[in-house]
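**Q** The structure's right below; bear with me while I get my questions together.
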Amino acid sequence: MPREPVEKSFSATGARLCYFEWGDRAAPPVLLVHATGFHARCWDETIRALPENLRVVAVDLRGHGRSEKTGPMPDWTVPAKDIGELVAHLNIKDAVGAGHSMGGHTLVQVAAARPGTFKRLTLIDPVMMAPEIYASPPTWPKGVEHPVARRRNSWASWQEMFDAFKTRHPYSLWREAVLADYCRYGLLPKTNGEGFELACPPAIEASIYMGSTGTDIYALAKTIDVPVLVLRAKMRDPNLARDYTDFAASPTWEGVARTFAKGRDVYLPELTHFIPMQEPELTARFIAGDAEALGT
């Protein structure tokens, strides 16, 4: 797969989206959707490991990357509507859909709303939490700022960001090339021309985390009849089930795969929630449907 994609844009109803394409448009399609706070180019190393006879589309969700900075985001139906409009615009059908974290949650919504879009899904730690959490969602204390809203948001360069993150957990566990892409494409020039700021503004990222339990996904999951592979990382301590500040541990309920008619669970306890960042080649094998990987 070529290293550099073609960058394009699409105006969804609520926001202008940036997306990237690799490969021949006539080839079998793969749609990749990233996690909260990330961007489409975090998939670059995974894409390099995919078979070359594919058309790969990776999108920057609204508020992220090069897409329009609309926010806050009250719940996770918002990005799903955007992606639904994008796949209709691109006439994507019978695709392989792969989503990491919120990206996986988003693809479940799209698959339920638009049958025929996907022939199978790979949900990479998709933040589908235990059903009882949606039945009694936690509320963020009124007037208390989410800690993500206080992320450092001023950098001299992407290299400065990389150097600051490379020894910090959990970034220290990532493949260095993925961390470099995360930093390189995760900053935008400040409007005053002095340095760079995060491509996903901290206030928007914080709003996404605060709305993570606002969309109960399980009724939709039961309507999906294509094969669904669920990859889960090391589980969060059950005694800390409602601690949403431990970003390295998996927040995904162990019963998620059973809610799909054709679901399959793969538990990867040696990895953190950041599976594509640690093991892009293994991630690519799962997306491609590699039989050996599925035997893990």
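The values are calculated or read from the model by the stated rules, or taken from the named source; none is laboratory data. This one's a predicted model, so the numbers in the text were calculated from it and none came from an experiment. When we count neighbours, we look across all protein chains shown, and the Cβ atoms used for this are built from the backbone with ideal geometry, even at glycine.
**Q** Residues of region 223-237 being closer than 17 Å to Leu268 by Cα and either at pLDDT below 65 or part of a loop (DSSP other than H, G, I, E, B) (or both), which ones?
**A** Lys234, Arg236, Asp237
**Q** Could you name every one of the helices (runs of 4 or more DSSP H) located completely within region 245-296 that has at least 2 residues being out of contact with any Asp or Glu (no Cβ under 8 Å at 6 or more places or on another chain) and touching a residue at least 12 places away in the same chain (Cβ under 8 Å)?
**A** 275-278, 280-288
**Q** Mind counting the residues in region 153-189 that are of a type outside the set (Phe, Trp, Tyr), in contact (Cβ under 8 Å) with a residue 24 or more places away in the chain and in a loop (DSSP other than H, G, I, E, B)?
**A** Qualifying residue count for the region: 8.
**Q** Please indicate, with yes or no, whether at least one residue in region 197-206 is among the small types (Gly, Ala, Ser), under 16 Å from the mean Cα position of the chain (by Cα) and farther than 29 Å from Ala95 by Cβ.
**A** Yes, the conditions are met somewhere in region 197-206.
**Q** Which residue is surrounded by the most Cβ atoms within 10 Å (Cβ to Cβ), if the candidates are limited to region 1-27 and must be of a type in the set (A, V, I, L, M, F, W, C) and farther than 23 Å from Glu281 by Cβ?
**A** Leu17
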